[in-house]
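The values are calculated or read from the model by the stated rules, or taken from the named source; none is laboratory data. Note that the structure is predicted; figures quoted are calculated from it, not measured. Neighbour counts run over all protein chains shown; Cβ positions are idealised from the backbone, glycine included. With ligands, DNA and RNA removed, areas are computed over all heavy atoms of the protein, side chains included. Shrake-Rupley method; radii C 1.70, N 1.55, O 1.52, S 1.80 Å.
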Amino acid sequence: MPIISLLHDTHVLILMAERRTSNTLTRIFQSMGATVHTATSQNEAIGLYWRLFRAGIRPRVVVTSWSLTPQDSKEYKYLEMLGRQDIDGTALNLLVNIIDLDPTAFLVVYTQDPIQAHEILKRSEITATIFSRHEIDPIDFVVQIATHPGINTQRIDVQEINTEVHAAESRRRMTYRSSCEIPASEARVQYG
């Protein structure tokens, strides 16, 4: 099965402050045929979701990092002083807004702090699937989402999809790697 068609009818909303992770997830989801919408802040993501919703588009998958404000920042200290660090310093407000509009939305948190995400979501009675960025790499993460029964109803071999996506990413890296990544022995062969 070609991976390009696996998510052909799926809109994905990604909220990630970290641009590199967002770009990686976007590229992998798009390679599977998904239409991806990205945001770098909670307010931008809420506005984007509302615009999509009004246009009749309900993203089937919403992926977010959890902590959007670094805990060592002045902004976080300010939010902590106001007692809003859990609401405004995390993706919670976005998830609450989405659940209000679409209680069936598939919410996914891909975070470096899964324990905090789990605690706050449980306390807020929001259901989301939580993945630790320390335990699962972006490719395996996207494959798990793409093959989740709530997203894809096709009978597919998860391992086959995983192998195919890893191979595609490996080919892409070989094609687009910089000259500093090419070993000297290989460079002599390529460049004479």
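The accessible area of ASP9, taken with all protein chains in place and a 1.4 Å probe, comes to roughly 90 Å².
The figure for ILE130 is an accessible area of roughly 50 square angstrom, using a 1.4 Å probe on the protein chains alone.
Determine the order of PHE131, PHE141 by accessible area, beginning with the largest, at a probe radius of 1.4 Å. Write out the running numbers ahead of the final one.
Values: PHE131 30, PHE141 0 Å².
So the residues, ranked largest to smallest area, are PHE131, PHE141.
The phi-based Karplus calculation (6.51 cos²θ - 1.76 cosθ + 1.60; θ = phi - 60°) puts the 3J(HN,Hα) values of region 76-84 at 5, 4, 5, 4, 5, 4, 7, x, 10 Hz, whole numbers, x for Gly and Pro.
Give the dimensionless ratio obtained when the Cα radius of gyration of region 27-131 is divided by 2.2 N^0.38 Å.
Numbers: Rg = 14.0 Å, N = 105, 2.2 N^0.38 = 12.9 Å.
Relative to the 2.2 N^0.38 Å estimate, region 27-131 comes out at 1.09.
Using r as the Cβ-Cβ distance of THR35 and ASP140, and R0 as 25 Å, what FRET efficiency do you calculate, to the nearest 0.05? The partial results should precede the final answer.
On the way: r = 22 Å, r/R0 = 0.87.
For THR35 and ASP140, the calculated efficiency is 0.70.
Sorting the Cα pairs of the chain by distance into bins of 5 Å, from 0 upward, gives 1, 7, 15, 18, 18, 14, 10, 7, 5, 3, 2, 1, 0 percent per bin.
Across region 7-81, Cα pairs under 8 Å and at least six residues apart give a relative contact order of 38 percent. The 3J(HN,Hα) values that the Karplus relation (6.51, -1.76, 1.60; θ = phi - 60°) gives for region 29-42 are, in residue order, 4, 5, 5, 9, x, 6, 9, 10, 10, 10, 9, 10, 9, 4 Hz. Gly and Pro appear as x. Segment TYR176..GLN71, full-extension length gain: 34.3 nm, with 0.36 nm per residue of separation and the alpha-carbon distance subtracted. Computed with a 1.4 Å probe over protein heavy atoms only, the accessible surface of the chain comes to 56 Å² per residue.
If I take every Cα pair under 8 Å that is 6 or more residues apart in region 49-175, average their sequence separation and divide by the length, what percent do I get for the relative contact order?
Once divided by the residue count of region 49-175, the mean separation gives 21 percent.
Stretched out straight at 0.36 nm per residue, the stretch from TRP50 to ASP102 would grow longer than its current Cα-Cα span by 17.6 nm. For the set SER73, SER124, solvent exposure ranked by accessible area (probe 1.4 Å, protein chains only) runs largest to smallest as SER124, SER73.
Placing unit charges on the Cβ atoms of the charged side chains and taking the dipole of the chain about its Cα centre, the candidate lying farthest along the positive direction among ILE87, HIS8, VAL108 is HIS8. The amide H of ILE130, built 1.01 Å from its N in the peptide plane, has VAL109 as neighbours under 5 Å, considering only residues 5 or more places off or on other chains.
Over region 1-82, the reciprocal of the mean inverse Cα-Cα separation, the Kirkwood hydrodynamic radius, stands at 13.9 Å.
Placing TRP66, TRP50 in order of accessible area, with the largest value first and a 1.4 Å probe, yields TRP50, TRP66. A probe of 1.4 angstrom, applied to the heavy atoms of all protein chains, finds GLU119 with accessible area near 110 square angstrom.
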